[in-house]
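K.L.:
Just passing along the structure, written as structure tokens.
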Amino acid sequence: MILSHIARPLVSLVTLSSLLVLASCSSTSEATRKTPAEKALPSSSQTGSAPSTSVTPVQGDEFAQFAQWREVDIFIDEMVKKHGFDRKALQATLNKTHYVDRAIQLMKPAPPGKPKNWVAYRARFVEPVRIKAGVAFWNKYAGALQRAEKQYGVPAEIIVAIIGVETVYGRNTGNFRVMDAITTLAFSYPDTPNRVARMAYFRGELENTLLFARDEKIDPFSLLGSYAGAIGWPQFMPGSIRNYAVDFDGDGHIDLRNSPVDAIGSVAHFLIEHGWKPGEPIVFPAKVDSKNQEWQRFINQPLEAKFSQQELRSAGVTPTQPLPTGMPFGLVDLQNGEAPTEYWLGAANFFAITQYNRSFFYAMSVNDLSKALRAARNP
């Protein structure tokens, strides 16, 4: 994931982009990246079929001769000493890598604009076309989804919703060469307050890209993904592929680009490894006391369910539905533009989803799409 995207507020991990995900980010603001699911679906995706493999890669701006950069030379030394790479071969690989200014521009913080709007964000994902495509995907891969649910304890509708939000069931997996995007971000990240940390993160992802390609005996330049380097149906970052992806179709290879079954198992495995608790709920609606402002201390906290119900109630947070006895929660704020903010109590499973993409908006969209998918499949 993942980043299916990069972490909130940069991208969507798995995730992220998938966000998959940059573990060092803990902001609870809306992810600013646009997910790959903005376009209407082609008819083939409505039947759950695999995407076309004839994707034209984004053309990098220029050969940057990365191997001549001092920091890249240090990276090459580390790869030789740590993993036994051949120095000349790795230099040649990095000198074939393109600098991609588009990736740099997309990583820059969005300029100040309109207030974040949960209702508008939700409407991009919980909509009829995506629901129809999701039901078709669920029907086609029902056996694999049932097996993943049994093995990992993650409901089928959650897995289907994540893949739908990430890539519209494989239709929009990205067309940046992963080597180009990740190398550019690893050594030329835009000038932001967290630049040093982000460059270190992407250098780790470049390391994982090269190791994954070597392990799987594939050309690293064959990997296409998002502008942050997230790959395949579930948009896992290379590090997440190596740590959490599984060979769920049993063919001896992990292939998130061409195997929806591997994607299904990998999403479930990622969630269980990041705190998913089988059988437990996700979120409950709540309201806050306008006179007792103590509840504000629960905002902008680390992404985890750690507060007791008594703590929350005494600070002015009141659930509007009965809560399971003894379960801890975190306070979730969903800003609605000029309209009142929505408040929810997120359980451990809600925050497991935020590890895929560190955004409350993202996690609630997955939750709401999953409910819509189950309702549409079982009317």
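The values are calculated or read from the model by the stated rules, or taken from the named source; none is laboratory data. This is a predicted model, so every value here is computed, not measured. All Cβ positions, glycine included, derive from the backbone under ideal geometry; neighbour counts span all protein chains shown. Only protein heavy atoms, including side chains, enter the accessible area calculation; ligands, DNA and RNA are left aside. Shrake-Rupley method; radii C 1.70, N 1.55, O 1.52, S 1.80 Å.
K.L.:
Where in the range 260-294 does the label zone of ASN139 land, with the point 7 angstrom along Cα→C-beta and an amide N cut-off under 18 Å?
P.N.:
Within reach of a label on ASN139, which here means backbone N under 18 Å from a point 7 Å along Cα→Cβ, the range 260-294 contributes nothing.
K.L.:
Express the accessible area of the range 242-379 per residue in Å², computed with a 1.4 Å probe while the remaining protein chains stay in the model.
P.N.:
Values: 5930 Å² over 138 residues.
Result: 43 Å² per residue.
K.L.:
Sticking with this one: Top to bottom by accessible area (1.4 Å), largest first, where do VAL332, VAL288 land? Walk me through the intermediate numbers first.
P.N.:
Numbers: VAL332 0, VAL288 40 Å².
Sorted by accessible area, descending: VAL288, VAL332.
K.L.:
In what sequence, highest mean first, do 299-311, 108-120 appear when ranked by Cβ atoms within 10 angstrom?
P.N.:
Numbers: 299-311: 15.2, 108-120: 11.5.
Per-residue Cβ counts within 10 Å, averaged per peptide and sorted highest first, yield 299-311, 108-120.
K.L.:
Take SER314 and ARG242, extend 7 Å from each Cα along the Cα→Cβ direction, and tell me the distance between the two endpoints in nm.
P.N.:
With each label point 7 Å from Cα toward Cβ, the separation is 4.6 nm.
K.L.:
Given labels modelled 7 Å from the Cα in the Cβ direction, how far is it in nm from ASP101 to GLU338?
P.N.:
3.8
K.L.:
Where the centre of each part is set by its Cα atoms, how far does the range 137-158 sit from the range 303-358, in angstrom?
P.N.:
Centre-to-centre distance over Cα atoms comes out at 27 Å.
K.L.:
Lysines near LYS108 by alpha-carbon distance under 18 Å, same-chain residues fewer than 8 away left out - which ones?
P.N.:
LYS34, LYS116
K.L.:
Filter the trypsin sites (Lys or Arg not before Pro) in the range 187-266 to those in DSSP coil with at most 10 other Cβ atoms within 10 Å of their Cβ, and list the result.
P.N.:
Passing sites in the range 187-266 are LYS217.
K.L.:
Give me the distance between the Cα centres of the range 211-260 and the range 89-121, rounded to whole Å.
P.N.:
So the two Cα centres are separated by 20 Å.
K.L.:
Continuing with this model, one more query. Expected output is a single nm value to one decimal: the length gained when fully extending between VAL196 and VAL80, i.e. 0.36 nm times separation in residues minus the C-alpha distance. What is it?
P.N.:
So the extension gain works out to 39.5 nm.
K.L.:
Quantify, in whole percent, the carbon and sulfur part of the accessible surface of the range 235-365 (1.4 Å probe; protein heavy atoms only). Don't skip to the answer; put the middle values down first.
P.N.:
On the way: 2410 of 5270 Å².
So the carbon and sulfur contribution to the accessible surface is 46 percent.
K.L.:
Return the lysines within reach of LYS132: Cα separation strictly under 16 angstrom, same-chain partners fewer than 8 residues apart disregarded; answer none if there are no such residues.
P.N.:
Leaving aside lysines fewer than 8 places away in the same chain, those within reach of LYS132 are LYS39, LYS140, LYS371.
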